[in-house]
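Scroll down for the structure; my scribbles are underneath it.
No value in this document is a laboratory result; all are computed from the given coordinates. Nothing here was measured: the structure is a model prediction, and the numbers come from that model. Glycine gets a Cβ as well: all are built from the backbone with ideal geometry, and neighbour counts include every protein chain shown.
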Amino acid sequence: MMKIIKVTYTARAEYVETNKANIGAVMNDLQQLNHPGINYNCCVGADDKTFTHTAFFMADEDQKVLLELPSFKYFSEQLKASIPEAAPKQELLALVGSSRNIF
């Protein structure tokens, strides 16, 4: 069963570029891994410091692949240590529709 998780937080202005670089490292690793059960993206708001991550997982096992990725662990640790303006808020979503097949 597909699992969709959205995480939103606001980084401190001085941490934004580091956060973007850490996200880039995660995305590079995910692209190289090319795991069929993970569809992950991140956007930043108009304020250039509010980040929204959306992860689609085909199954719980696919989520574990992301959580065990060294670059993701590093990203998470560094984000927590940066003491964001607004702490990460996680929300579970249900897909209503999509213009493309996600998996």
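Dipole magnitude for the chain: computed about the Cα centre from +1 point charges on Lys and Arg Cβ and -1 point charges on Asp and Glu Cβ, it is near 140 debye. Each Cα pair under 8 Å and six or more residues apart adds its sequence gap; the mean of these over the residue count of the range 2-103 is a relative contact order of 48 percent.
Rounded to the nearest 500, the helix-only mean residue ellipticity at 222 nm of the chain stands at -11500 deg cm²/dmol, with each DSSP H run of n ≥ 4 adding -39,500 (n - 2.57). The convex hull around the C-alpha trace of the chain, projected and averaged over every direction, spans 6.7 square nanometres.
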